[in-house]
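The values are calculated or read from the model by the stated rules, or taken from the named source; none is laboratory data. Note that the coordinates shown come from a computational prediction; the quantities given were computed from them, not determined experimentally. Here Cβ is always computed from backbone atoms with ideal geometry, including for glycine, and neighbour counts include all displayed protein chains. What goes into the accessible areas is simple: the full protein's heavy atoms, side chains included, and nothing from ligands, DNA or RNA. Shrake-Rupley method; radii C 1.70, N 1.55, O 1.52, S 1.80 Å.
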Amino acid sequence: AKTEADAMVRSEGEEQVAPAFDGGALVASQNMMADAPAGAEVRRKQVAEPMFAQGRQAQDAASGLAAPEAMIAPAPMPEAPIVDEVNRDKFPEFKSNSVVAVAEQPVSTFSVDVDTSGYSSLRRALNQGVLPDRESVRIEEMVNYFPYSYAGPEKAEDAFKANVTVTPTPWNANTKLLHVGIKGYDLPVAEQKPANLVFLLDVSGSMDEPDKLPLLKSSFRLLVNKLKPTDTVSIVTYAGDAGIVLEPTKVLEKAKILNAIDTLQPGGSTAGEAGINAAYALAQKAFVKDGVNRIMLATDGDFNVGAASDEDLKKLVEEKRKTGVFLSILGFGQGNYQDNLMQTLAQNGNGIAAYIDTLSEAEKVLVQEATASLFTIAKDVKIQVEFNPARVSEYRLIGYETRHLNNEDFNNDRVDAGDIGSGHTVTAIYEMTMKGAPGQTNDPLRYENQAEPAGDSAGEYAFVKIRYKLPNEATSRLVTQPVTDQNAVADLGAAPEDVRFGIAVTAFGQKLRDEDATANYPLSDIEKLAASGKGTDAFGYRGEFIKLVRLAAGLLPN
């Protein structure tokens with residue numbers, strides 16, 4: 001007699017129904033594995049075996065028998081679903097910045113970047129005992145992962161302040177480093193506007209992993225507990241099609257919101273485009289004028305239903321941001337993570353891209369840095385550095401390869417760039433070769449203009465310019481900062497702790513990317529430099545970095 005519902009064996013994207021129990025029991029899962037190709041992983045629900053056992057126990061109980069295992073005739077078992085386990089994580093490909101001759105190109109221009117997904121992604125790899133994909137190592141995201149105590153502006157209208165330091169280069173005695181640290185205005189709680197947030201959550205079948213949907217649910221519970229009672233939350237899910245789980249609801253009804261999160265279950269394919277459209281519609285429905293209107297998209301990055309290309313989704317997000325609704329990305333899981341698409345959407349949605357590999361990372365991004373993640377204090381932030389050819393012959397921007405801008409883009413307010421949130425810090429580091437120093441990469445130009453700059457600029461290394469727009473303005477403002485000997489230290493040990501630590505992170509990123517510049521700079525020196533800049537380290541982020549440097553020592557070639 002049938003005593004249980006048919007057991008379900010699910011493979012990704014499809015379901016198969018196992019035969020009902022009828023006078024026998026299904027054999028254990030070892031028979032499934034026996035037919036699988038060598039090295040293949042059989043992807044199925046871990047509850048399958050307990051369900052089979054429960055069916056057999058119920059059958060025995062009904063008959064009053066406890067039949068020995070040998071008397072149980074095995075029923076036919078459907079062929080085990082085999083899933084190709086090739087790692088399909090995809091990262092944007094880019095070449096590291098090369099050394100540039102100042103005589104040929106004295107100006108460097110780029111967009112700021114406060115994304116941190118690159119760091120948490122490589123941290124996960126190192127903690128698993130493998131080197132990260134070279135393309136996943138974006139040095140600016142490593143450096144900007146950490147909070148720094150740079151001096152900031154005193155009023156919101158100024159948005160941020162630039163801090164510059166020139167130091168010796170620890171990996172090259174013939175060059176110097178120009179360290180630029182930007183601190184955003186730290187918005188007091190009393191000045192924080194109401195937030196209208198739409199949680200756009202991927203609940204497709206691919207999210208059925210411990211480090212995906214379960215971690216996602218716990219992460220968003222942390223965020224809800226951080227929000228103010230007057231903030232509004234909506235929830236949209238997508239799996240095959242988009243569905244509204246929660247209409248706009250005040251956080252005053254926190255239990256209702258948390259219950260909606262708890263009830264989420266995985267299944268189906270990934271209707272990414274439909275989900276984004278539904279989320280924008282809900283965001284408009286609860287739109288807060290002069291407030292925060294943001295979609296928080298959480299996914300493993302696999303958009304396989306809807307718009308087929310990154311460009312299609314990019315255009316959609318670009319168009320929607322004009323309405324005042326911005327988009328941030330939280331990535332989860334591994335094996336099929338489309339980092340390139342996540343970067344594209346976040347950059348064009350005026351939001352951040354973070355990768356959540358642990359609940360501690362969720363706490364950092366959604367609790368400790370909640371105001372920076374949600375409240376934008378400056379948008380379309382661009383940096384331009386002009387080097388003085390009388391003092392600097394060559395330079396190299398370390399990182400920001402995917403954030404390069406044309407020089408003419410700097411003054412063009414129609415060109416989109418990165419945003420800075422409340423209290424955010426942004427760090428950029430250049431390596432400079434001084435005029436006449438040994439080890440020049442480029443030959444001197446025969447017809448190079450040797451004229452010395454006149455006036456106050458004669459002693460400058462460089463001139464830093466920053467353009468930004470206030471959140472509700474369309475015209476940019478300009479901040480400038482000359483770099484002189486007053487900003488220089490003769491010994492790296494005399495530089496602030498923040499500067500030393502940032503340089504250590506930069507060096508480690510170059511080692512992971514196998515750059516020529518740091519080929520002869522040992523990891524042990526990077527560890528010492530990072531330790532010298534560790535400071536108070538209230539949340540342990542810097543201590544964790546030092547641990548990663550030690551882990552890498554056993555993975556990198558000598």
- Largest-first ordering by accessible area, 1.4 Å probe, given options H424, H404: H404, H424
- So if we plug the beta-carbon distance of K289 and S98 into 1/(1 + (r/R0)^6) with R0 = 60 Å, what FRET efficiency do we get, rounded to 0.05? 0.80
- Message: With equal scatterers on the alpha carbons only and no solvent term, can you work out the Debye log10 of I(q)/I(0) for segment 310-363 at 0.13, 0.15, 0.28 1/Å?
- Response: -0.34, -0.44, -1.04
- Item | Solvent exposure ordering (accessible area, 1.4 Å, most first) of L523, L222 | L222, L523
- Message: Rounded to the nearest 10 Å², what accessible area does F94 have for a 1.4 Å probe in the complete protein model?
- Response: 30
- Message: Loop-only GluC sites (Glu not before Pro) in segment 278-372, please: DSSP not H, G, I, E or B, and at most 12 other Cβ atoms within 10 Å.
- Response: none
- Query: In whole Å, how far is the Cα centre of segment 476-527 from that of segment 194-264?
  - Reply: 40
- Note on the structure: The FRET efficiency for Q265 and L478, from their Cβ-Cβ distance with R0 = 60 Å and rounded to 0.05, is 0.70
- Query: If you average 1/r over every pair of different alpha-carbon atoms in segment 514-558 and take one over that average, what Kirkwood value in Å do you get?
  - Reply: 11.4
- One finds the C-alpha centres of segment 161-191 and segment 347-406 to be spaced, in Å, by 13
- Query: Per the Kirkwood definition applied to all pairs of different Cα atoms, how many angstroms is the hydrodynamic radius of segment 364-503?
  - Reply: 17.7
- Just for the Cα atoms in segment 176-282, what are the lengths along the principal axes, largest first, rounded to whole Å? 51, 43, 27
- Counting only residues 5 or more places away or on other chains, whose amide H sits under 5 Å from the amide H of E394 once H atoms are built in the peptide plane? V102, T433
- Net charge of Cβ neighbours under 14 Å - reference G399; Lys, Arg +1; Asp, Glu -1: -1
- Express the C-alpha Rg of segment 192-249 as a ratio against the empirical globular expectation 2.2 N^0.38 Å, rounded to two decimals. 1.22
- Query: So which trypsin sites (Lys or Arg not before Pro) in segment 315-351 end up in coil per DSSP with only 14 or fewer other C-beta atoms within 10 Å?
  - Reply: K322
- Note on the structure: At R0 = 41 Å the Cβ-Cβ FRET efficiency linking N520 and N411, nearest 0.05, sits at 0.50
- Task: Report, by chain and number, residues whose modeled amide H sits under 5 Å from the one on L131, excluding near sequence neighbours (fewer than 5 apart, same chain).
- Result: none
- Query: Rank F220, F91 by accessible area, highest first, at a 1.4 Å probe radius?
  - Reply: F91, F220
- Cross-link pairs K364/K465; K155/K315; K320/K469 - those with Cα-Cα distance over 28 Å: K364/K465; K155/K315
- Note on the structure: Here the convex hull volume per residue of segment 294-385, taken over Cα atoms and given in Å³, is 126
